[in-house]
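Right, one structure below, let's go through it.
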Amino acid sequence: MQSWPRTEEEALAVQDTLRSRVVLTPGPMSPATVAGLDVAYDGDRLAAAVVVLDAADLSVRDTAVVRGRPAFPYVPGLFAFREVPALLEALDRLTVRPDVLVCDGQGLAHPRRFGLAAHLGVLTDMPSYGVGKTRLVGEYEPVGEERGARSPLIDSGETVGAVLRTRAGVKPVFVSVGHRIDLDTACALTLRLTPRYRLPETTRAADHACRLAVATIRM
DNA sequence: GCGACAG
DNA sequence: ATCTTGTCGC
């Protein structure tokens, strides 16, 4: 396909080029299918999984898992370069075409506004956004304790995402747009995907899938 | 120089 | 991400 950056300097240059291709548009308002993506590690080996759920009842429609090696060391801000190759390969193996990608990490809530969700969105040109478990950048006011409460995530004066409470009394998640979707739609979809747990069912399904696969690597 | 820092 | 016991609660 193409060369992959081998140094932080090269990776920064790639982000600088690709970020101009991010498209900020509303919707998709009623996606029929939603995909969750996640990666699990075992030493220098990894397993990437993509699970497509039916947006109506959250049932599994398709699953794809690939094993491989991290494509880059973990560096805050350059995290995407580590998992993107394996995730793209898994996406290629899907039979069911997802309408939205729900990524494990940040979208525009990134120091250069180009986190994993934006990166994957641009490379696939599919609607994409991120749901992170912890913060990378930005400040925010305390979020209401009830499910659905949200507080804008602001970095350098601009709103880069939302801190969203998906379960009453449980630590909120960090939602940010990636590509071809808006923040309100992303938050609304996230709430539909969290009928019971803190993290979206998409993320949970992908997490289970790649963990099973990574366990298989060692046996 | 001292923290902060997606997964 | 991953390393890790017991423990509180539905």
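The values are calculated or read from the model by the stated rules, or taken from the named source; none is laboratory data. Since the model is a prediction, treat every value here as computed from it, not as a measurement. Every residue, glycine as well, gets a Cβ built from its backbone with ideal geometry; the counts of neighbours run over all protein chains shown. Note: areas computed on protein heavy atoms with side chains; ligands, DNA, RNA excluded. Shrake-Rupley method; radii C 1.70, N 1.55, O 1.52, S 1.80 Å.
Quick one: check the C-alpha center-to-center distance for the range A:186-211 versus the range A:82-106, whole angstrom. Distance between centres, Cα-based: 15 Å. For the peptides A:187-193, A:32-38, A:210-216, A:78-84, the ranking by mean Cβ contacts within 10 Å, running from highest to lowest, is A:32-38, A:78-84, A:187-193, A:210-216.
Phi-derived couplings, Karplus 6.51 cos²θ - 1.76 cosθ + 1.60 at θ = phi - 60°, listed residue by residue for the range A:23-36: 10, 9, 9, x, x, x, 5, 10, x, 8, 10, 9, 10, x Hz, with x used for Gly and Pro.
Checking every one of the GluC sites (Glu not before Pro) in the range A:98-199 against DSSP loop status and a limit of 10 other Cβ atoms within 10 Å picks out A:Glu146.
For the range A:1-97, the solvent-accessible area of protein heavy atoms averages 54 Å² per residue (probe radius 1.4 Å; ligands and nucleic acids excluded).
Scanning residues 5 or more positions from A:Val160 or on other chains, those with amide H under 5 Å from its amide H are A:Leu153, A:Ile154, A:Asp155, with H placed 1.01 Å from N in the peptide plane. Shown for the range A:1-116: the carbon plus sulfur share of the solvent-accessible area, taken with all protein chains present and a 1.4 angstrom probe, equals 51%.
Take A:57-70, A:196-209, A:85-98, A:4-17 and order them by the average number of nearby Cβ atoms within 10 Å per residue, most first; the result is A:196-209, A:85-98, A:57-70, A:4-17.
Roughly how compact is the range A:98-219, stated as its Cα Rg over 2.2 N^0.38 Å to two decimals?
Normalised Rg, Cα atoms only: 1.05.
Rolling a 1.4 angstrom probe over the range A:123-168 with all protein chains present gives an accessible area of which 46% lies on carbon and sulfur atoms. Note on chain A: percent of Cα-Cα distances in each 5 Å bin, starting at 0 and stopping at the bin with the largest distance, equals 1, 8, 16, 20, 21, 17, 11, 5, 1, 0.
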